[in-house]
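Structure record follows, encoded as structure tokens.
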Amino acid sequence: MPHPDVPLQELSVPFELGTDSVEAYRRDGFVRLQRVLSGDILDRCGAAITDQVLARNGLAGIDWSERSTYERAFIQVMNLWRDDPLVRELVFSPRLARIAAELMGTRGVRLYHDQALYKEPSPGAEVGGHTPWHVDQYYWPIEGPHTVTAWIPLQPVPSEMGPLAFAVGSQRFEAGRDLAISDESEALLSGALENAGFETSAAPYELGDVSFHSGWTFHHASANRSSSVRRVMTIIYMDADARVKEPENDNQRIDLETWLPGLAVGDVVASPINPVLWRR
Ligand SMILES: O=C(O)CCC(=O)C(=O)O
């Protein structure tokens with residue numbers, strides 16, 4: 001059991017981000033960093049996150065055979081920071097937010113939202129359970145290129161558990177940016193990215209590793225073939241000075257209402273639920 005007195009101080013201590021990591025992020029559209037968070041912090045915050053996932057799991061009781069491809073990919077629970085003070089400490093971590101700002105080269109970052117993504121083991125020979133290829137900014141009504149997701153495994157993620165995998169350098173590839181996570185995006189993008197010559201980076205994650213990927217980088221994950229749930233927390237950051245753009249699809253219209261409440265096209269992305277998490 002995680003110890004209740006584990007100090008949270010490390011969440012505020014700056015991470016030593018080398019110039020090679022910044023260069024890698026800007027060249028490849030993602031970077032995997034090692035030893036970003038300790039096992040103690042991950043255990044303690046992980047227990048609080050799992051409690052919320054169990055309490056708010058909208059897929060509980062829905063049989064695998066009745067789920068869509070999206071619903072088989074993961075249990076998704078959003079903005080946990082609002083319901084748990086410990087999760088808030090993790091999501092508001094200056095250590096993580098500063099990495100996001102330094103990778104993007106922005107003066108500061110705001111929170112878009114957080115989300116837990118728990119990938120259940122694929123039952124037996126049933127197909128599915130993978131996360132189809134997609135880019136995140138398809139979903140977000142945010143102007144400009146400066147959005148980034150921190151993907152934070154709460155346990156090691158070996159290859160058989162479905163680690164997040166990236167098409168290296170694909171943040172500049174524009175075809176397929178209009179596809180939602182679906183069988184169609186998987187079919188079209190796996191071919192398009194291969195034909196365009198992008199390599200896939202699909203390394204396992206050790207405990208404490210955190211990856212950061214740009215909102216325009218194509219990524220996917222294979223099914224979870226292990227016997228345990230793949231528990232992952234994510235935090236989505238955006239340039240603190242970014243503005244709302246005209247929504248281009250229904251998902252962006254829903255996101256504008258839900259995650260940028262009260263804002264209109266052209267406003268700075270600064271609703272009460274998008275606090276600045278770090279500024280130079
Ligand atoms: O965790 C996954 O399988 C997918 C995660 C993802 O697409 C993301 O964090 O942007």
Any idea how many residues of the range 182-237 are under 22 Å from PRO153 (Cβ atoms) and of a type in the set (A, V, I, L, M, F, W, C)?
13
Using the structure shown, decide if ALA221 is within 17 Å of PHE30 (Cα to Cα), touching a residue at least 40 places away in the same chain (Cβ under 8 Å) and open to solvent by 30 Å² or more (accessible area, probe 1.4 Å).
no
Would the range 70-79 turn up any residue that is among the acidic types (Asp, Glu), open to solvent by less than 20 Å² (accessible area, probe 1.4 Å) and either within 12 Å of the ligand (Cβ to nearest atom) or within 19 Å of the chain's Cα centre (by Cα) (or both)?
no
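Yes/no matrix, rows are residues, columns are (1) open to solvent by less than 60 Å² (accessible area, probe 1.4 Å); (2) at negative phi:
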| site | (1), (2) |
| --- | --- |
| ALA187 | no, yes |
| ALA196 | yes, yes |
| GLY208 | yes, no |
| ASP239 | yes, yes |
| LYS245 | yes, yes |
| ASP250 | no, yes |
| ASP267 | yes, yes |
What tally of residues in the range 211-266 results from selecting those that are under 24 Å from ASN57 (Cα atoms), part of a loop (DSSP other than H, G, I, E, B) and more than 16 Å from the ligand (Cβ to nearest atom)?
3
For the range 107-131, give me each residue that is more than 16 Å from the ligand (Cβ to nearest atom) and open to solvent by 10 Å² or more (accessible area, probe 1.4 Å).
ARG107, ARG110, PRO123, GLY124, ALA125, GLU126, VAL127
Scan the range 243-259 and report the pairs whose first residue is more than 18 Å from MET78 (Cβ to Cβ) and whose second residue is at pLDDT below 95 and surrounded by 13 or more Cβ atoms within 10 Å (Cβ to Cβ), with Cβ atoms within less than 6 Å and a gap of 6+ or a chain change.
none
Looking at the range 134-160 only, could you name the residues that are open to solvent by 10 Å² or more (accessible area, probe 1.4 Å), near the ligand (Cβ under 10 Å from one of its atoms) and either more than 21 Å from TYR112 (Cα to Cα) or assigned to a helix (DSSP H, G or I) (or both)?
ASP136
Any residue in the range 168-182 that is within 16 Å of the ligand (Cβ to nearest atom), among the hydroxyl-bearing types (Ser, Thr, Tyr) and in a loop (DSSP other than H, G, I, E, B)?
yes
Please go through the range 266-280 and pick out each residue that is in contact (Cβ under 8 Å) with a residue 40 or more places away in the chain and more than 11 Å from ILE142 (Cβ to Cβ).
ALA270, ILE273, PRO275, VAL276, LEU277, TRP278, ARG279, ARG280
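The values are calculated or read from the model by the stated rules, or taken from the named source; none is laboratory data. Small disclaimer: the values here were computed from a predicted structure and weren't measured. Glycine gets a Cβ as well: all are built from the backbone with ideal geometry, and neighbour counts include every protein chain shown. SASA here: full protein model, heavy atoms, side chains in, ligands and nucleic acids out. Shrake-Rupley method; radii C 1.70, N 1.55, O 1.52, S 1.80 Å.
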